[in-house]
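Participant: Starting off with a structure, shown below.
The values are calculated or read from the model by the stated rules, or taken from the named source; none is laboratory data. Predicted model, so just to flag it, every value in this text is computed and none were measured. Using ideal geometry, Cβ is built from the backbone for each residue, glycine included, and neighbour counts are taken over all protein chains shown. Surface areas here come from the heavy atoms of the whole protein model, side chains and all, with no ligands, DNA or RNA. Shrake-Rupley method; radii C 1.70, N 1.55, O 1.52, S 1.80 Å.
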Amino acid sequence: MSLDRIEKQIELKAPVARVWRALTDHREFGEWFRVKIDAPFVVGEVSRGHMTWPGCEHLKWEVVVHAMEPEHYFSFTWHPYAVDPKADYSTETPTVVEFRLEEIAGGTLLRVVESGFDKIPSARRAEAFRRNDGGWAQQMGNVKIYVEG
């Protein structure tokens, strides 16, 4: 099993434009991802906020937005499973999260890939991978409920 990339996909009964808005409008993203984001996503800029998931409200959320190609591709980098308030993750190479949207009969195929785990320090790589793999499975369900609801 490769510990470098997580890949998930889901068919959504919603038009591409609706899914795109759920991914790239910072307020909508926050609703299904359960994060309060301070400002809109802007390519090349840091996006900050904090988690709103029960029990995780103390966790900071920070990504660097890399690309927004309307209704097709959205990507950012972040430090996976960065939950230890005493740790300095800034020296680590972040992983890349990519969302790809494809129009299909009846809706949208959403693909999510998070890659770059091979550059995470070995002491925390497996746990970060395991947690994010489970996290993305949960988030795919969350976005489905959000856009189909």
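Participant: Being in contact with a helix residue (DSSP H, G or I) (Cβ under 9 Å, 6 or more places away or on another chain) and not in a strand (DSSP E or B) is the filter; apply it to the stretch 36-52 and report the residue that is nearest to ARG131 (Cα to Cα).
Facilitator: By that ranking, first place goes to THR52.
Participant: For SER90, which of the numbered conditions (1) in a loop (DSSP other than H, G, I, E, B); (2) exposed (fewer than 15 other Cβ atoms within 10 Å of the Cβ) fails to hold?
Facilitator: So SER90 meets the others, but not (1).
Participant: Looking at this structure, is GLU45 in contact with a strand residue (DSSP E or B) (Cβ under 9 Å, 6 or more places away or on another chain), in contact (Cβ under 8 Å) with a residue 12 or more places away in the chain, over 21 Å from ARG111 (Cα atoms) and open to solvent by 60 Å² or more (accessible area, probe 1.4 Å)?
Facilitator: Against the criterion (in contact with a strand residue (DSSP E or B) (Cβ under 9 Å, 6 or more places away or on another chain), in contact (Cβ under 8 Å) with a residue 12 or more places away in the chain, over 21 Å from ARG111 (Cα atoms) and open to solvent by 60 Å² or more (accessible area, probe 1.4 Å)), GLU45 qualifies.
Participant: Quick one: in the stretch 101-118, of everything that is in contact with an Asp or Glu (Cβ under 9 Å, 6 or more places away or on another chain) and over 21 Å from ALA67 (Cα atoms), which residue is surrounded by the fewest Cβ atoms within 10 Å (Cβ to Cβ)?
Facilitator: GLY106
Participant: Looking at the structure I just gave you, is GLU57 open to solvent by 20 Å² or more (accessible area, probe 1.4 Å) and either modelled with pLDDT of 95 or more or in a strand (DSSP E or B) (or both)?
Facilitator: no
Participant: Might you check whether a residue that is open to solvent by less than 80 Å² (accessible area, probe 1.4 Å), outside any strand (DSSP E or B), in contact with a Pro (Cβ under 8 Å, 6 or more places away or on another chain) and farther than 25 Å from GLU148 by Cβ occurs anywhere in the stretch 64-79?
Facilitator: yes
Participant: Something else now. Just the residues that are closer than 19 Å to LYS144 by Cα, open to solvent by 40 Å² or more (accessible area, probe 1.4 Å) and not in a loop (DSSP other than H, G, I, E, B), please, taken from the stretch 1-35.
Facilitator: Correct list: GLU7, LYS8, GLN9, GLU11, ALA17, ARG18, ARG21, ARG27, GLU31.
Participant: What tally of residues in the stretch 108-126 results from selecting those that are more than 20 Å from VAL147 (Cα to Cα) and not polar (S, T, N, Q)?
Facilitator: Residues flagged as more than 20 Å from VAL147 (Cα to Cα) and not polar (S, T, N, Q) within the stretch 108-126 amount to 11.
Participant: Spot the failing condition for ASP84; the list is (1) surrounded by fewer than 13 Cβ atoms within 10 Å (Cβ to Cβ); (2) at pLDDT 95 or above, and only one is missed.
Facilitator: (2)
Participant: Can you tell me which condition ASN142 does not meet? The list is (1) open to solvent by less than 20 Å² (accessible area, probe 1.4 Å); (2) touching a strand residue (DSSP E or B) at 6+ places or on another chain (Cβ under 9 Å), and all the others hold.
Facilitator: (2)
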